[in-house]
Amino acid sequence: MHAAFALTCLLALAVGFALGRAAWTDGHRTAENIARHRHTVTATTVSETTYRAGDQPSSRPVTVATATWHYPSLRPHTETIPVPAGTRNGGTVRVWVDENGRAATAPPRPADIALNAVGIGAGALAGIVLVGGGLVFTRILMVDARSTRAWETEWADIEPLWSGRLRPGQGAGDD
(Lines give C-alpha, C1' and ligand atoms only; values in the text may rest on other atoms or scores of the structure.)
Protein backbone atom coordinates (compact mmCIF):
# COMPACT_ATOMS: atom_id res chain seq x y z
CA MET A 1 0.00 0.00 0.00
CA HIS A 2 2.88 2.36 0.74
CA ALA A 3 4.38 1.66 -2.67
CA ALA A 4 1.02 2.26 -4.37
CA PHE A 5 0.65 5.58 -2.57
CA ALA A 6 4.22 6.60 -3.44
CA LEU A 7 3.54 5.82 -7.11
CA THR A 8 0.31 7.82 -6.93
CA CYS A 9 2.24 10.78 -5.53
CA LEU A 10 4.81 10.55 -8.34
CA LEU A 11 2.01 10.34 -10.90
CA ALA A 12 0.31 13.34 -9.29
CA LEU A 13 3.54 15.33 -9.43
CA ALA A 14 4.04 14.54 -13.12
CA VAL A 15 0.42 15.31 -14.04
CA GLY A 16 0.37 18.50 -11.95
CA PHE A 17 3.58 19.72 -13.58
CA ALA A 18 2.33 18.87 -17.08
CA LEU A 19 -1.02 20.61 -16.55
CA GLY A 20 0.65 23.66 -14.98
CA ARG A 21 3.10 23.88 -17.88
CA ALA A 22 0.24 23.56 -20.40
CA ALA A 23 -1.72 26.29 -18.60
CA TRP A 24 1.40 28.51 -18.59
CA THR A 25 1.97 28.01 -22.32
CA ASP A 26 -1.70 28.49 -23.19
CA GLY A 27 -1.95 31.56 -20.97
CA HIS A 28 1.03 33.21 -22.67
CA ARG A 29 -0.32 32.36 -26.12
CA THR A 30 -3.71 33.82 -25.20
CA ALA A 31 -2.17 36.95 -23.70
CA GLU A 32 -0.05 37.51 -26.82
CA ASN A 33 -3.12 37.08 -29.03
CA ILE A 34 -5.11 39.55 -26.92
CA ALA A 35 -2.20 42.02 -26.90
CA ARG A 36 -2.12 41.98 -30.72
CA HIS A 37 -5.71 43.22 -30.79
CA ARG A 38 -5.64 45.71 -27.90
CA HIS A 39 -3.93 49.05 -27.60
CA THR A 40 -3.52 51.77 -25.02
CA VAL A 41 -4.66 55.29 -25.74
CA THR A 42 -4.75 58.48 -23.74
CA ALA A 43 -8.26 59.46 -22.69
CA THR A 44 -9.47 62.72 -21.21
CA THR A 45 -12.10 62.62 -18.47
CA VAL A 46 -15.17 64.74 -19.16
CA SER A 47 -16.95 64.23 -15.82
CA GLU A 48 -16.19 64.02 -12.13
CA THR A 49 -15.41 60.60 -10.71
CA THR A 50 -18.12 58.50 -9.10
CA TYR A 51 -18.24 55.06 -7.56
CA ARG A 52 -20.01 51.96 -8.81
CA ALA A 53 -20.20 48.46 -7.45
CA GLY A 54 -17.30 46.16 -8.35
CA ASP A 55 -17.66 43.30 -10.80
CA GLN A 56 -17.67 40.70 -8.03
CA PRO A 57 -20.20 40.72 -5.15
CA SER A 58 -17.40 40.83 -2.58
CA SER A 59 -15.23 43.41 -4.38
CA ARG A 60 -14.79 47.02 -3.40
CA PRO A 61 -16.51 49.87 -5.27
CA VAL A 62 -14.72 51.05 -8.43
CA THR A 63 -13.95 54.70 -9.22
CA VAL A 64 -15.34 55.57 -12.67
CA ALA A 65 -15.61 58.64 -14.88
CA THR A 66 -16.82 59.42 -18.37
CA ALA A 67 -13.87 59.85 -20.69
CA THR A 68 -13.29 60.52 -24.36
CA TRP A 69 -10.52 59.37 -26.71
CA HIS A 70 -9.83 58.96 -30.42
CA TYR A 71 -9.13 55.50 -31.87
CA PRO A 72 -8.75 54.39 -34.59
CA SER A 73 -7.42 57.49 -36.27
CA LEU A 74 -9.72 60.41 -35.57
CA ARG A 75 -12.82 58.45 -34.59
CA PRO A 76 -14.04 59.77 -31.21
CA HIS A 77 -15.26 57.45 -28.42
CA THR A 78 -16.90 58.34 -25.13
CA GLU A 79 -17.49 55.78 -22.39
CA THR A 80 -17.61 55.46 -18.63
CA ILE A 81 -14.39 53.74 -17.61
CA PRO A 82 -12.58 52.83 -14.38
CA VAL A 83 -10.11 55.56 -13.39
CA PRO A 84 -7.70 56.02 -10.50
CA ALA A 85 -9.24 57.60 -7.39
CA GLY A 86 -8.73 61.35 -7.33
CA THR A 87 -8.83 61.78 -11.12
CA ARG A 88 -10.25 65.23 -11.87
CA ASN A 89 -12.50 66.39 -14.67
CA GLY A 90 -10.20 67.12 -17.64
CA GLY A 91 -7.48 64.75 -16.37
CA THR A 92 -5.83 62.19 -18.61
CA VAL A 93 -5.73 58.43 -18.10
CA ARG A 94 -4.41 55.48 -20.10
CA VAL A 95 -7.14 53.18 -21.45
CA TRP A 96 -6.92 49.79 -23.12
CA VAL A 97 -9.12 49.65 -26.24
CA ASP A 98 -9.96 46.96 -28.77
CA GLU A 99 -9.52 47.27 -32.53
CA ASN A 100 -12.80 49.19 -32.80
CA GLY A 101 -11.78 51.72 -30.17
CA ARG A 102 -14.12 50.45 -27.42
CA ALA A 103 -12.77 50.22 -23.87
CA ALA A 104 -11.40 46.77 -23.10
CA THR A 105 -9.50 44.97 -20.38
CA ALA A 106 -5.73 44.80 -20.43
CA PRO A 107 -4.09 41.56 -21.59
CA PRO A 108 -3.36 39.13 -18.75
CA ARG A 109 -0.17 39.97 -16.87
CA PRO A 110 2.61 37.38 -16.49
CA ALA A 111 1.89 37.20 -12.74
CA ASP A 112 -1.77 36.34 -13.42
CA ILE A 113 -0.74 33.69 -15.94
CA ALA A 114 1.75 32.20 -13.47
CA LEU A 115 -0.81 32.20 -10.65
CA ASN A 116 -3.32 30.44 -12.87
CA ALA A 117 -0.76 27.84 -13.98
CA VAL A 118 0.36 27.16 -10.41
CA GLY A 119 -3.26 26.86 -9.28
CA ILE A 120 -4.13 24.37 -12.00
CA GLY A 121 -0.99 22.29 -11.39
CA ALA A 122 -1.40 22.32 -7.61
CA GLY A 123 -5.11 21.54 -7.89
CA ALA A 124 -4.42 18.53 -10.10
CA LEU A 125 -1.65 17.34 -7.80
CA ALA A 126 -3.82 17.71 -4.68
CA GLY A 127 -6.79 16.03 -6.33
CA ILE A 128 -4.83 13.00 -7.48
CA VAL A 129 -3.04 12.63 -4.13
CA LEU A 130 -6.35 12.87 -2.24
CA VAL A 131 -8.06 10.32 -4.47
CA GLY A 132 -5.03 7.99 -4.29
CA GLY A 133 -4.81 8.42 -0.53
CA GLY A 134 -8.52 7.74 -0.19
CA LEU A 135 -8.26 4.56 -2.25
CA VAL A 136 -5.26 3.33 -0.27
CA PHE A 137 -7.01 4.18 3.02
CA THR A 138 -10.16 2.31 1.90
CA ARG A 139 -8.09 -0.70 0.87
CA ILE A 140 -6.26 -0.72 4.22
CA LEU A 141 -9.61 -0.60 6.04
CA MET A 142 -10.87 -3.54 3.97
CA VAL A 143 -7.75 -5.61 4.71
CA ASP A 144 -7.97 -4.72 8.40
CA ALA A 145 -11.67 -5.69 8.54
CA ARG A 146 -10.95 -9.02 6.82
CA SER A 147 -8.08 -9.72 9.24
CA THR A 148 -10.27 -8.87 12.24
CA ARG A 149 -13.04 -11.23 11.04
CA ALA A 150 -10.52 -14.04 10.48
CA TRP A 151 -8.96 -13.46 13.91
CA GLU A 152 -12.39 -13.49 15.63
CA THR A 153 -13.33 -16.76 13.90
CA GLU A 154 -10.09 -18.43 14.97
CA TRP A 155 -10.30 -16.99 18.49
CA ALA A 156 -13.85 -18.33 18.89
CA ASP A 157 -12.45 -21.82 18.34
CA ILE A 158 -9.33 -21.45 20.53
CA GLU A 159 -10.47 -19.19 23.38
CA PRO A 160 -12.71 -21.76 25.16
CA LEU A 161 -9.90 -24.31 25.16
CA TRP A 162 -7.33 -21.79 26.30
CA SER A 163 -9.43 -20.12 29.01
CA GLY A 164 -11.39 -23.16 30.23
CA ARG A 165 -14.71 -21.33 29.85
CA LEU A 166 -17.70 -23.00 28.31
CA ARG A 167 -18.58 -22.22 24.76
CA PRO A 168 -22.01 -20.81 24.08
CA GLY A 169 -24.48 -23.69 23.86
CA GLN A 170 -22.33 -26.14 25.85
CA GLY A 171 -23.92 -27.76 28.83
CA ALA A 172 -22.33 -29.11 31.99
CA GLY A 173 -20.41 -32.26 31.29
CA ASP A 174 -20.09 -31.60 27.54
CA ASP A 175 -16.57 -31.90 26.29
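Seen from all directions on average, segment 66-164 presents a Cα convex hull projection of 13.7 nm². Each part gets one Cα centre, and for segment 2-27 versus segment 109-135 those centres are 8 Å apart.
Mean separation of Cα pairs under 8 Å and 6+ residues apart, divided by the residue count of segment 1-79: what relative contact order is that in percent?
Taking the mean separation of contacting Cα pairs over the length of segment 1-79, I get 19 percent.
From its DSSP helices (H runs of at least four residues, each -39,500 (n - 2.57)), the chain gives a residue-normalised ellipticity at 222 nm of -19000 deg cm²/dmol.
Between the listed residues T92, S163, L19, the Cα displaced farthest toward the positive end of the dipole of the chain, a dipole computed from Cβ unit charges relative to the Cα centre, is found at T92. Close amide-amide hydrogen proximity is noted between S47 and T66, G90, each under 5 Å apart and 5 or more residues distant or on a separate chain (H modeled in the peptide plane; Pro and chain starts excluded).
Note that segment 63-175 presents 69 Å² accessible area per residue, ligands and nucleic acids not counted, probe 1.4 Å. In terms of overall dimensions, segment 1-144 has a Cα radius of gyration and Dmax of 23.9, 79 angstrom.
The values are calculated or read from the model by the stated rules, or taken from the named source; none is laboratory data. Not measured: the values here are computed from a predicted model. All Cβ positions, even for glycine, are placed from backbone atoms using ideal geometry, and neighbour counts span all protein chains on display. All accessible areas refer to the heavy atoms of the entire protein, side chains included, with ligands and DNA or RNA removed. Shrake-Rupley method; radii C 1.70, N 1.55, O 1.52, S 1.80 Å.
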